[in-house]
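Report on the following structure.
The values are calculated or read from the model by the stated rules, or taken from the named source; none is laboratory data. Every value quoted in this text rests on a predicted model; they were computed, and no experiment measured them. Note that we place each Cβ from the backbone using ideal geometry, even for glycine, and neighbour counts take in every protein chain shown. With ligands, DNA and RNA removed, areas are computed over all heavy atoms of the protein, side chains included. Shrake-Rupley method; radii C 1.70, N 1.55, O 1.52, S 1.80 Å.
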Amino acid sequence: MTTPTLYTVSSYLILDSKGNRIYTKYFNPPFSNKDSIITKKNNTNGEDEEEYNTGLQTNLKKQITFEKNLFKKTHKTDSDIIIFEDKIIIYKEYADVSLYLVSSDLEVNECLLQLTFDGIKDALELILDNGLDKNNIQEHFDMCCLAIDESIDDGIVLEYDGATIASRVTSPPTKDSAHINIDLSEKGLLSAWGFAKSKLAERLQQGL
Amino acid sequence: MSAYKKKNENDISSSSSGSEVPDKMSIYQDCLKTFNESPISPKKCRLLLAKLLNILTLEGYKKSFTTSEATTLFFSVSKLFQHQNNDSLRQMVYLVIKELSSISEDTLMVTSSIMKDIQSGDNLIKPNAVRTLTRVLDETTAFSAERLFKNCIVSPDSSVCSASLVSSYHVLPIAETTVKRYGTEAMQAIFTPKKVSTYNNNSSSSSSNNNGDEGGSKFYPQSSYMSEYHAFGLTYKLKNNDKIALMKLIQNDFNSLKNQFLKVEWIKVVGELIYKDSSLFSNFEQLLYNGLYQSYEAVKLEIAKLITTLIVDNIAPVNDQLFGSVLEVLKQFLVVPRTSTRFASVRLLNKLAMVAPTKISVCNPELESLINDKNRNISTFAITTLLKTGNSSNIASLISTINKFTHDVSDDFKIIIVDAIRTLSIKFPNEWNVILQFLIDSLKNSDGGIKFKNSVVDCLIDLVQFVPSSKESALENLCDFIEDCEYSEVLVRVLHILGDYGPTASKPSLYVRHIYNRVTLENSIIRSAAVVALSKFVIINGGNNASADPTLAKNIISLLENIKENDVDDEVRDRSAVALECIKENHPDLIKSSKTFDLSVLESKLTQYVTNHEFDSPFDTSSVPQYSEDERRALELKRKQDEINDKNSGDFSSAGKKSKKTDASTKNNGSLGASSSNTTFEQRAKIIHEYTEKLYEASIIPSDGSSKFGKLLNSCGPVPLTEPESEFVISAIKHIFQNYIVLQYNIENTLTDSAVENVQVEVNTNTNKTSNLVFDSSTIIDQLMPGANEQCYAIFEKTSESIKEEEFSNILTFVTKEIDPATQQPFAGDEGFDDEYEFDPLLLTCGDYLQPLFTADFRQDLSKLSFGDSCVYNIKENITLQQAVDKIVLNTNCLPLENTQFIMDESEKHILKLFGKSCLNDDIKIGILIKMIKSSKGIALKAEARSNDQELCSDLVNSLI
């Protein structure tokens, strides 16, 4: 029986059709400093040992092997959920990307894990309205990162409602604020004046 | 400017189309340059930040930038804080700062900028700011965030509140006191519904994506009340050690909660409370029962999980009504379209199947339909669960059901099935013919690779070994199989089995014919294996025993002669020559040895021998225990039974996990004194072996075995002699030598502030009768620091060979010295004070003189033993039948046969069959039949023992418990 904890997710992965990384995030509770202590201790002993000692959550080499093996195990199997290396993993494979949500242990509630997974998936689908594929994800990489950040915060599920997650993700500015449309109506002039005023204040604040 | 922008756009397309990693250093330079521009271009900045994130993802945090590079980056990113009123950029800045804070130094410098945003920023940015703030705080600055966090928790906005609660949760390890100060607000947040804001999430520039959707979001978020879940999680952590406060919290109305994450967490806390105090279960029964009829799948599942673990770990008695409802829920889950739910349900059923197989059988139709589920995990769980629900009456139909489904599945999966069948064959030895038929069918079936065939042969070997009645039929079928088997490796194994078991079968000539066929038809590897098998027939049949068939032996010898003359292969001719020579010179042991070494001990001794470079003296095999055929089988059967048990109790999982578990529990046993019923036989054997090594290391007895002690006959234990939480945790192992008895006390000092010195155990025999043990000597532990773990020994000489029960009273004497917290050593000059500590007496019973022994036919062997005795016990303690069985098995050291060490289905009656032999004399055997009935008054036992040694027989029945 594990003690109740909010830390239920250990990583979120987006891999491409060959099992290479597109997006990966391994969650570490920020102040459970076990790994960093080991790292500090070993920095004096050379890097090799560090590599050997740190776990999956921080060790890049182990992560890559984990991802490759996971991909091999799940590619074209259409199973939705598997137990892999003592973790429950929910996944979905699209044409050229696969999404994976990795639980932190075997005790996790599968239904909640599925809800979390679906939430992120829905959010991504809403954001990338051209469909979930590799190109689209890479083109809107910032938004995907934000969406996942809004769903899981270092292992704690923040939100599972896809629309809520998506609504919190800002789209990139389409134009630089310097290129503002100048509208010569009274309202436009007023807004231009307001803009100039705010710009000036900003400059002054920056100490120019 | 426009040219620059163009270049950037090219960058995107190149990075998105190709798999090439964007050039790290050029982006690094770009970042420094662009972020310091004035005015900055938000669009370009956000693009660069995205690329930065991409690099961090692809190259890993530790590898992408050095600390100084990261710090420089961090600093220039923080410049972007000066750019106000652009949420789109700001959100990205926060994300990057969060990521960089783990590799950069001096992260504190952005604290004030972030705090300013939390105070005055809009609701879109606030949560991001709060969550980022946690990453730049440390032990010394965490307190400064108290007011901000508190304000955010009471905010009506769900995201802001969640962000603050989650951040508080993160900082708990470094700032629990700070967080405690707003614990009340956190608790109130559990029951305060918050709303979700809609944002104009397109920054300051006009919206282009949001076609005409003025100011609002294009999505329609619904409140999911997640902040209540986070508030509950935080409150639980803060009240973790306060049972009354938790109870009060849990008393709130469960049904009014809206968030399913919260409800699940709620159930988990209920479970935690029940685990700590099982008497609370009745308080929550109604809550759990009602919860099963709620609409959320996740909640129902969590309750089912909780009840399953309560049943499996035997924490609290679950009434039939509740159990029935759980099964109903799980049964419904088995047919839902959502894979994860089916998966969760079948996983739980698999666990339940081990404790209550008959009750699970109501789900059998659904389970059967899952056998060819597209998810391999589900189908595997379904099959293993089904097989666990098997009992002697439905095995046949189960196997035929499985048979129907297994044709179009992969080999890996078939191996899992065969493994499951193998456990069945050990569990239900009487159903061997159905199982054998299944195995033979799958063996002869043309599909399946070598791994699969090998596992089937493994299973058949088990069947032949442990279910003697199946032997003849299994061997005959194996003979048929080798007529057309395409894998040499498998063929060689089969020949080996035939050689081992064929000679004692009723018609050995049949096997000889099949084996000789191989000699004429197959390659040299198989031919040489066949030669060895043939020679075994000669050894058995050429001897003087009753079943010997001299004509057969003579015939085989002429066959071997023939092979020796005519075979084309050197190895085959050599082997036949060696075999013939051994037969002629009468060295049967060279072909078929009657004893085998304990391989793990042999291995460790050999490694020791090689690493110590003691090549002057030859390796001494006498210190390695040897087993006769029956003993070896007893050990193997015990190991396999434990394996089944082990597999049942946990999830089926990777081998890695299993070994980890073993390690953990070994450690546990070493230090805490095992709670023996939970450890498997193999683990116990390992622990005993480790301690025996220590015995030699401590040079209490010389390891060459030639000393006055005589041979080590048996080691038993460890027996815990104290409560696991007392100031000294002590367990003992009894080593029985030919002439001596050595008691090994394993003492752990659990005090944190004092060391003890001159530690000695005062041991006295308190048998009233004249004891046949004379105290010889004991050892002293010089110093035992806090947390340390050492052994001390008491040695007794035996005055006669015969077995007598002994009770040793134990008093620990020692000198306590306080520890100087500065040096972690006792204060210099502190003389300490003498103290003593009395702990439980240690019993030496005749069970300690016994070793497990396998027998194929318990009833028949029992009738061969001439002396009998019986005894009746009445156990008043409130223990379950299983606990009683575990205790008896442990006390008697005998081998439980026919799977009688497991109680099926909480039944009230049980028959336990045990068999063993004396370690003093291999010919003294003992069998015990124990009938047990559980009633409200306790457990009544009737034990009948038969042995060829009258004294042992009566001693044992009288010391069962």
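Among the residues of region A:117-143, the ones that are of a type outside the set (A, V, I, L, M) and within 9 Å of chain B (Cβ to nearest Cβ) come to 11 in all.
Looking only at residues that are open to solvent by 40 Å² or more (accessible area, probe 1.4 Å) and modelled with pLDDT of 80 or more in region B:213-237, which one is nearest to A:VAL169 (Cα to Cα)? Here the residue is B:TYR225. Quick check: is even one residue across region B:123-133 surrounded by fewer than 20 Cβ atoms within 10 Å (Cβ to Cβ), touching a residue at least 60 places away in the same chain (Cβ under 8 Å) and under 25 Å from B:GLU228 (Cβ atoms)? Checking region B:123-133: at least one residue is surrounded by fewer than 20 Cβ atoms within 10 Å (Cβ to Cβ), touching a residue at least 60 places away in the same chain (Cβ under 8 Å) and under 25 Å from B:GLU228 (Cβ atoms).
Among residues of region B:368-389 that are free of Cβ contacts under 8 Å to residues at least 60 places away in the same chain and more than 18 Å from B:ASP412 (Cα to Cα), those with a Cβ under 9 angstrom from a residue that is open to solvent by 10 Å² or more (accessible area, probe 1.4 Å) and β-branched (Val, Ile, Thr), sequence gap 6+ or separate chain, pair up as B:GLU368/B:THR401; B:SER369/B:VAL335; B:LEU386/B:THR401; B:THR389/B:THR358. Residues in region B:96-150 that are touching a strand residue (DSSP E or B) at 6+ places or on another chain (Cβ under 7 Å) and modelled with pLDDT of 85 or more: B:ARG131 only. When B:SER101, B:SER78 are checked against the criterion of being surrounded by fewer than 24 Cβ atoms within 10 Å (Cβ to Cβ), more than 8 Å from every other protein chain (Cβ to nearest Cβ) and touching a Lys or Arg at 6+ places or on another chain (Cβ under 8 Å), B:SER101 stands alone in meeting it. Quick one: in region B:347-398, of everything that is within 14 Å of another protein chain (Cβ to nearest Cβ) and polar (S, T, N, Q), which residue is farthest from B:LEU424 (Cα to Cα)? Among residues in region B:347-398 that are within 14 Å of another protein chain (Cβ to nearest Cβ) and polar (S, T, N, Q), the one farthest from B:LEU424 (Cα to Cα) is B:ASN375. Please indicate, with yes or no, whether at least one residue in region B:846-856 is small (Gly, Ala, Ser), open to solvent by 30 Å² or more (accessible area, probe 1.4 Å), in contact (Cβ under 8 Å) with a residue 12 or more places away in the chain and over 27 Å from B:ALA732 (Cα atoms). Taking every residue of region B:846-856 in turn, at least one turns out to be small (Gly, Ala, Ser), open to solvent by 30 Å² or more (accessible area, probe 1.4 Å), in contact (Cβ under 8 Å) with a residue 12 or more places away in the chain and over 27 Å from B:ALA732 (Cα atoms). Scanning region B:313-320 finds no residues that are in contact with a Leu (Cβ under 8 Å, 6 or more places away or on another chain), among the small types (Gly, Ala, Ser), open to solvent by less than 40 Å² (accessible area, probe 1.4 Å) and farther than 19 Å from B:LYS243 by Cα. I need the full set of residues from region B:241-271 which are in a helix (DSSP H, G or I), in contact with a Pro (Cβ under 9 Å, 6 or more places away or on another chain) and open to solvent by 20 Å² or more (accessible area, probe 1.4 Å), in order please. Correct list: B:LYS268 only. A Cβ distance below 6 Å, combined with a sequence gap of six or more or placement on separate chains, defines the contacts here; from region B:102-115, residues that are among the polar types (S, T, N, Q) reach no residue that is surrounded by fewer than 16 Cβ atoms within 10 Å (Cβ to Cβ).
Entry remark, region B:715-765: residues being β-branched (Val, Ile, Thr), part of a strand (DSSP E or B) and open to solvent by 20 Å² or more (accessible area, probe 1.4 Å) number 2 in total.
Of the residues making up region B:843-856, at least one is under 32 Å from the mean Cα position of the chain (by Cα) and more than 30 Å from B:ILE741 (Cβ to Cβ). With the condition kept exactly as written, say whether any residue in region B:427-447 is touching a residue at least 60 places away in the same chain (Cβ under 8 Å) and open to solvent by less than 10 Å² (accessible area, probe 1.4 Å). Among the residues of region B:427-447, not one is touching a residue at least 60 places away in the same chain (Cβ under 8 Å) and open to solvent by less than 10 Å² (accessible area, probe 1.4 Å), which makes the answer no.
Just give me the residues in region B:489-514 being under 35 Å from the mean Cα position of the chain (by Cα) and open to solvent by 10 Å² or more (accessible area, probe 1.4 Å), in sequence order. Within region B:489-514, B:GLU489, B:VAL492, B:ARG493, B:HIS496, B:ASP500, B:TYR501 meet the criteria. Look at region A:80-104: where a residue is under 16 Å from A:ASN69 (Cα atoms), no partner that is of a type in the set (Lys, Arg) and buried (at least 21 other Cβ atoms within 10 Å of the Cβ) sits 6+ places away or on another chain with Cβ atoms under 7 Å.
The single condition from (1) open to solvent by less than 40 Å² (accessible area, probe 1.4 Å); (2) within 10 Å of chain A (Cβ to nearest Cβ) that B:GLN84 fails is (1).
So how many residues does region A:192-208 have that are at pLDDT below 70 and within 12 Å of chain B (Cβ to nearest Cβ)? Explain how you work it out, then say what you get.
Of all residues in region A:192-208, those at pLDDT below 70 come to A:192, A:206-208.
Those left that are additionally within 12 Å of chain B (Cβ to nearest Cβ): A:206-208.
Residues flagged as at pLDDT below 70 and within 12 Å of chain B (Cβ to nearest Cβ) within region A:192-208 amount to 3.
Among the residues of region A:85-94, those that are out of contact with any Lys or Arg (no Cβ under 6 Å at 6 or more places or on another chain) and at the interface with another protein chain (Cβ under 10 Å from one of its Cβ atoms) comprise A:GLU85, A:ILE88, A:ILE90. Among the conditions (1) at the interface with chain B (Cβ under 7 Å from one of its Cβ atoms); (2) touching a Ser or Thr at 6+ places or on another chain (Cβ under 7 Å); (3) surrounded by 24 or more Cβ atoms within 10 Å (Cβ to Cβ), A:ILE165 misses just one, which is (1). Checked against (1) at pLDDT below 85; (2) open to solvent by 10 Å² or more (accessible area, probe 1.4 Å), B:SER455 passes all but a single condition, namely (1). Restricting B:VAL110, B:VAL179, B:VAL166 to residues that are away from chain A (no Cβ under 13 Å), assigned to a helix (DSSP H, G or I) and not aromatic (Phe, Trp, Tyr) narrows the list to B:VAL110. Evaluated against (1) open to solvent by 20 Å² or more (accessible area, probe 1.4 Å); (2) more than 11 Å from chain B (Cβ to nearest Cβ); (3) free of Cβ contacts under 8 Å to residues at least 60 places away in the same chain, A:PRO172 falls short on exactly one condition, (2).
Residues in region B:166-176: is at least one in contact (Cβ under 8 Å) with a residue 12 or more places away in the chain, open to solvent by 50 Å² or more (accessible area, probe 1.4 Å) and more than 24 Å from B:TYR225 (Cα to Cα)? Yes, region B:166-176 contains at least one residue that is in contact (Cβ under 8 Å) with a residue 12 or more places away in the chain, open to solvent by 50 Å² or more (accessible area, probe 1.4 Å) and more than 24 Å from B:TYR225 (Cα to Cα).
Counting the residues of region B:377-393 that are at pLDDT 80 or above and open to solvent by 10 Å² or more (accessible area, probe 1.4 Å) gives 2.
Checked against the criterion of being closer than 15 Å to B:ILE250 by Cα, out of contact with any Cys (no Cβ under 6 Å at 6 or more places or on another chain) and either acidic (Asp, Glu) or open to solvent by less than 60 Å² (accessible area, probe 1.4 Å) (or both), the candidates B:GLU302, B:GLU285 yield just one match: B:GLU285.
Which residue out of B:ASN403, B:ASN377 is under 21 Å from B:GLU431 (Cβ atoms), polar (S, T, N, Q) and part of a helix (DSSP H, G or I)?
Step by step, each of B:ASN403, B:ASN377 is checked, and only B:ASN403 is under 21 Å from B:GLU431 (Cβ atoms), polar (S, T, N, Q) and part of a helix (DSSP H, G or I).
Residues in region B:272-301 that are of a type in the set (Ser, Thr, Tyr), away from chain A (no Cβ under 11 Å) and assigned to a helix (DSSP H, G or I): B:SER278, B:SER279, B:SER282, B:TYR289.
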